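The values are calculated or read from the model by the stated rules, or taken from the named source; none is laboratory data. What you see is a predicted model; the values in this text were computed from it and never measured. Glycine also receives a Cβ, built like all others from the backbone with ideal geometry; neighbour counts cover every protein chain displayed. Calculation scope for accessible area: heavy atoms of the full protein, side chains included, ligands and nucleic acids excluded. Shrake-Rupley method; radii C 1.70, N 1.55, O 1.52, S 1.80 Å.
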Amino acid sequence: MQEIKLRELLDSLTWTEKVGQLVQLSGDFFHSEELAVGPKKKLGITQETIDVVGSVLNVTGAETIRVIQERYLQNSRHKIPLLFMADIIYGYRTIFPIPLGLGATWNPKLIEEAYGVIARESRSAGAHVTYAPMVDLVRDARWGRCLESTGEDPQLNADFAAAMVRGLQQESGREFEGIASCVKHFAAYGAAEAGREYNTVDMSERRLRQDYLSGYKSAVDAGAKLVMTSFNTYDGMPATGNEFLLKEILREEWGFDGVIISDYAAVQELIAHGVAKDEREATALAMKATNDIDMKTGCYANELESLVTDGAIDPELVDAAVWRVLKLKNDLGLFEDPYRGSTVEQEQQTLLTKENRSLARKVAQESIVLLQNKGELLPLEANKNKILLVGPYGDEQDLIGLWAVHGKSTDVVSIKEALEKELAKETFSYEKGCGLLADYQFLGEFGATKEQIHSLGMTDNEREAALNKALEAGKDADIIIYAMGEHTMQSGEAGSRTDISLPLIQKEFIEKMTELGKKNILIAISGRPLTFTKEVEQMDAILQAWFPGTEGGNALVDILFGKVNPSGRLSMGFPENVGQLPMYYNEFKTGRPLNSSTHRGRFVTKYLDSPNEPLFPFGFGLSYGRVDYEELTVSSKKMTDHLTVSIKLKNRSDYECLETVQLYIQDVTGSVVRPIKELKKYEKINLLPHEEKTVVFALQREDLYYYMKNMQFGTEAGTFNVFVGRNANDTQQAVFELL
Ligand code: GLC
């Protein structure tokens, strides 16, 4: 629709209709009117509101959406189509690894391709907008939503954020083939104090800008059409009512003129936060901060119109919000085709195709991180040894993680299924051996029945019997593969934990099984870094597989038998213990660094009972090959605008290696303290057996910019260290002077 017509449409709306466009309700309001009675009552809204509402939360499926859209438009005076938004975070029906695994690929180009698949599948299923990517930087593995993040580094998060937005929106010129991306959660949600979900976030503006905003900014610069506010406060004000975040930074500094949508019920939660005494005040606060859509509360629906007619809110604010929503609908072409081509037939042809599965398998291969490989036990040779698979994730299809809302575990290839395809019956056996958790009572909150909960657990006798069967089978095995990890519900939203080791019954099981003295391989399924302090002693090899998605089992077997050389590198360090958290590689030196020249022994920055270092650092990951890094050189000892940094890589092995070369800098003396290392460049390169390659990085002056003492974004002359290597703790160093 031409914008002049769109403007006329806006001007033709009543205030009730305008407010309706700023309200988002879930699908249960759009089935039969009888079914909507309860939700209407709970939210305190009327059928009149439902008849003019602007968007729908988490309804997908070509057929379902068509029915709802048709019925809505038939009843609508203004004929403005509904906008369908959904949580499609790392897959619609073909599920990729969780984003913490995607981050471990260090391959934004591959992930952009994956998000193109997600866009095509989602669009065929009628979705218009996805609440993704989540780009919250995270430094605390206690927080359950590590799962959805690409990790702890501003640069890596920014690169993945842009890649995901481009993949989702598929924009070229005026064409907009994909679905709209709603980047979230603005802002700094990952810094919840103590890693406790929904907890306070408080940090300096410098830290916010230097470390936490890069992902959102990169997504907005890549053209994300929407931004979602976060639940947390920043500087004492919840994000949904925070004019500094939403107006000053997002809209005025960054020029974002798209739609801002609150997180679920976050407008009303301004009351619980204690910055609004009632829904009227909450509505005014959010609207003045230019939050456009109220997700799933009655605040805007019940209070906004009277705020305008009472003169308490500038009507221009509401018109501007409605205009942004109408413009989004127009950009999506909804006025011309409210279904954007989505049909049941087209959906069936698009979902879970062989090609999509194949890409999911490749992404999963590149996301898996080899953390340990004593005696080069891996890769295994098929049918050479007797292999026993044990553990709760051995014969488990739930490998897709908490936020694969529209995926199906039944599509997943389990580890057992993949191993059975690879190995002869004589050389492969499986025993569950132990359950995932001792107690599943918490699932009751999510509707699980007592019977279901009971069936998941094991009685003491059952546990004893399972262990004995596994021990018996283990006696006959040469190698034992342990498929262990967190329950799906132990990470993701509201999944904060203070103990991030393997569940106790699994640790007890490993203790007993490893007494058999066999070769042991741990496959870890988790939504966060876990503390493997004990497992590094008990296991010969450890593969971190995250929740690897629909093709997880196949990807793991590809790695286990060397069809693919593992190339994953951690995008978030693994702590030695939970007491070290929050932990991040790009920390400041402090006045008493461990290697202080002026202080000794006790009086330096350290713990009495733990190392400072992580168990596995940022950027870490092993390969079956051995690539040497040699001859680090900088093109000049002095830099004005740019210089180049080069390093020679030599593949000393018979394996083809996919190596991620990482370049970090250190601004030795700044006008404020500067991190001991900052990732600035990286390149993932393929090295054939015994191949040598030189990698050259171009470093620009702008790459050294930071928020200086005066909060200007720039840099100062001085000494810089440059580090190049295979992870944050394994680098070679050079130095140059910035003039
Ligand atoms: C949730 C999450 C957010 C999600 C939204 C809609 O509470 O915080 O990430 O997109 O609600 O489901």
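Which members of region 184-198 meet the condition of being more than 15 Å from the chain's Cα centre (by Cα) and away from the ligand (no atom under 14 Å from the Cβ)? Hits for region 184-198 are Glu193, Ala194, Gly195, Arg196. Assess whether Arg145 counts as being surrounded by fewer than 24 Cβ atoms within 10 Å (Cβ to Cβ) and of a type in the set (Lys, Arg). No; evaluated as a whole, the condition is false for this residue. Report the residue count in region 386-427 for those that are over 23 Å from Ala132 (Cα atoms), buried (at least 17 other Cβ atoms within 10 Å of the Cβ) and touching a residue at least 60 places away in the same chain (Cβ under 8 Å). So the answer is 17. Apart from one condition, Arg209 fits all of (1) under 25 Å from Thr498 (Cα atoms); (2) in contact with a strand residue (DSSP E or B) (Cβ under 6 Å, 6 or more places away or on another chain); the exception is (1).
Of the residues Gly241, Gly236, only one is more than 16 Å from the ligand (Cβ to nearest atom) and touching a Leu at 6+ places or on another chain (Cβ under 8 Å); which?
Within the list Gly241, Gly236, the selection yields Gly241.
Can you find a residue that is outside any loop (DSSP other than H, G, I, E, B) and within 11 Å of the chain's Cα centre (by Cα) anywhere in region 170-180?
Checked region 170-180: no residue is outside any loop (DSSP other than H, G, I, E, B) and within 11 Å of the chain's Cα centre (by Cα).
Cβ-Cβ contacts under 7 Å between residues 6 or more apart (or on different chains), taken from a first residue in region 50-68 that is open to solvent by 10 Å² or more (accessible area, probe 1.4 Å) to a second residue that is away from the ligand (no atom under 16 Å from the Cβ) and of a type in the set (Ser, Thr, Tyr), are listed as Val52/Thr16; Arg66/Tyr339.
Of the residues Glu269, Glu205, only one is more than 16 Å from the ligand (Cβ to nearest atom), of a type outside the set (Val, Ile, Thr) and outside the structural domain of Tyr707 (by TED's automatic domain parsing); which?
Selected residue: Glu205, the only one of Glu269, Glu205 that is more than 16 Å from the ligand (Cβ to nearest atom), of a type outside the set (Val, Ile, Thr) and outside the structural domain of Tyr707 (by TED's automatic domain parsing).
The criterion of at least 1 residues that are in contact with an Asp or Glu (Cβ under 7 Å, 6 or more places away or on another chain) and within 16 Å of the ligand (Cβ to nearest atom) is met by the following helices (runs of 4 or more DSSP H) wholly inside region 32-144: 37-43, 99-103.
Among the criteria (1) part of a loop (DSSP other than H, G, I, E, B); (2) within 25 Å of Glu193 (Cβ to Cβ); (3) without any contact (Cβ under 8 Å) to a residue 40 or more places away in the chain, the one Asn586 does not fulfil is (3). Checking each residue in region 216-233 for being within 16 Å of the ligand (Cβ to nearest atom), in a loop (DSSP other than H, G, I, E, B), over 15 Å from His273 (Cα atoms) and open to solvent by less than 30 Å² (accessible area, probe 1.4 Å) picks out only Ala224.
Where strands (runs of 3 or more DSSP E) fall entirely within region 625-728, those with at least 2 residues that are among the β-branched types (Val, Ile, Thr) are at 627-634, 642-651, 657-667, 692-700, 718-727. Among the residues of region 244-266, those that are surrounded by fewer than 21 Cβ atoms within 10 Å (Cβ to Cβ) and within 16 Å of the ligand (Cβ to nearest atom) comprise Tyr264, Ala265. Only residues that are without any contact (Cβ under 8 Å) to a residue 12 or more places away in the chain and open to solvent by less than 80 Å² (accessible area, probe 1.4 Å) were counted in region 443-461, giving 5. Considering only residues in region 632-656 that are open to solvent by 90 Å² or more (accessible area, probe 1.4 Å) and in contact (Cβ under 8 Å) with a residue 40 or more places away in the chain, the one that is farthest from Thr715 (Cα to Cα) turns out to be Glu656.
Just wondering, is there one or more residues in region 11-33 that are open to solvent by 100 Å² or more (accessible area, probe 1.4 Å), more than 21 Å from Asp337 (Cβ to Cβ) and modelled with pLDDT of 95 or more? Please lay out each step first, then the result.
Our first condition is that a residue be open to solvent by 100 Å² or more (accessible area, probe 1.4 Å); within region 11-33, this holds for 11, 33.
Still in the list and also more than 21 Å from Asp337 (Cβ to Cβ): 11, 33.
Imposing the further condition that a residue be modelled with pLDDT of 95 or more reduces the set to 11.
Checked against the condition, which is being open to solvent by 100 Å² or more (accessible area, probe 1.4 Å), more than 21 Å from Asp337 (Cβ to Cβ) and modelled with pLDDT of 95 or more, region 11-33 yields at least one hit.
For first residues located in region 257-271 and assigned to a helix (DSSP H, G or I), partners that are within 14 Å of the ligand (Cβ to nearest atom) and lie 6+ apart or on another chain with Cβ distances below 8 Å form the pairs Glu269/Phe231; Glu269/Pro238; Glu269/Thr240; Leu270/Pro238; Leu270/Thr240.
Does Gly619 count as outside the structural domain of Asp703 (by TED's automatic domain parsing), of a type in the set (Gly, Ala, Ser) and in contact with a Lys or Arg (Cβ under 9 Å, 6 or more places away or on another chain)?
Yes, satisfied.
In region 701-733, the residue that is farthest from Glu253 (Cα to Cα) out of those that are buried (at least 16 other Cβ atoms within 10 Å of the Cβ) and in contact with a Leu (Cβ under 6 Å, 6 or more places away or on another chain) is Val724.
State yes or no: is Ser610 out of contact with any helix residue (DSSP H, G or I) (no Cβ under 9 Å at 6 or more places or on another chain) and surrounded by 13 or more Cβ atoms within 10 Å (Cβ to Cβ)? Full working, then the answer.
On the way: out of contact with any helix residue (DSSP H, G or I) (no Cβ under 9 Å at 6 or more places or on another chain): no; surrounded by 13 or more Cβ atoms within 10 Å (Cβ to Cβ): yes.
Considered against the rule, which asks whether it is out of contact with any helix residue (DSSP H, G or I) (no Cβ under 9 Å at 6 or more places or on another chain) and surrounded by 13 or more Cβ atoms within 10 Å (Cβ to Cβ), Ser610 comes out as no.
As a summary of the residue check, Asp314 satisfies the conditions (1) out of contact with any Ser or Thr (no Cβ under 9 Å at 6 or more places or on another chain); (2) surrounded by 15 or more Cβ atoms within 10 Å (Cβ to Cβ); (3) more than 30 Å from Glu113 (Cα to Cα) except for the one numbered (2). Close contacts from region 213-235, counting a first residue that is among the acidic types (Asp, Glu) and a second that is open to solvent by less than 20 Å² (accessible area, probe 1.4 Å), with Cβ to Cβ under 8 Å and a gap of 6+ residues or different chains, come to Asp221/Ala162; Asp235/Asn242. Tallying residues that are surrounded by fewer than 24 Cβ atoms within 10 Å (Cβ to Cβ) and among the aliphatic types (A, V, I, L, M) within region 183-212 yields 4. Counting just the residues of region 402-432 that are part of a loop (DSSP other than H, G, I, E, B), under 16 Å from Leu556 (Cα atoms) and within 27 Å of the chain's Cα centre (by Cα), which one comes out modelled with the lowest pLDDT? If we take residues in region 402-432 being part of a loop (DSSP other than H, G, I, E, B), under 16 Å from Leu556 (Cα atoms) and within 27 Å of the chain's Cα centre (by Cα), then Val413 is modelled with the lowest pLDDT. Which of (1) among the acidic types (Asp, Glu); (2) more than 21 Å from Cys182 (Cα to Cα); (3) within 16 Å of the ligand (Cβ to nearest atom) is the odd one out, the single condition Glu305 does not satisfy? With (1) among the acidic types (Asp, Glu); (2) more than 21 Å from Cys182 (Cα to Cα); (3) within 16 Å of the ligand (Cβ to nearest atom) applied to Glu305, the lone miss is (3). Output yes when any residue across region 280-298 is more than 16 Å from the ligand (Cβ to nearest atom), part of a loop (DSSP other than H, G, I, E, B) and open to solvent by 30 Å² or more (accessible area, probe 1.4 Å), and no when none is. Within region 280-298, not a single residue is more than 16 Å from the ligand (Cβ to nearest atom), part of a loop (DSSP other than H, G, I, E, B) and open to solvent by 30 Å² or more (accessible area, probe 1.4 Å).
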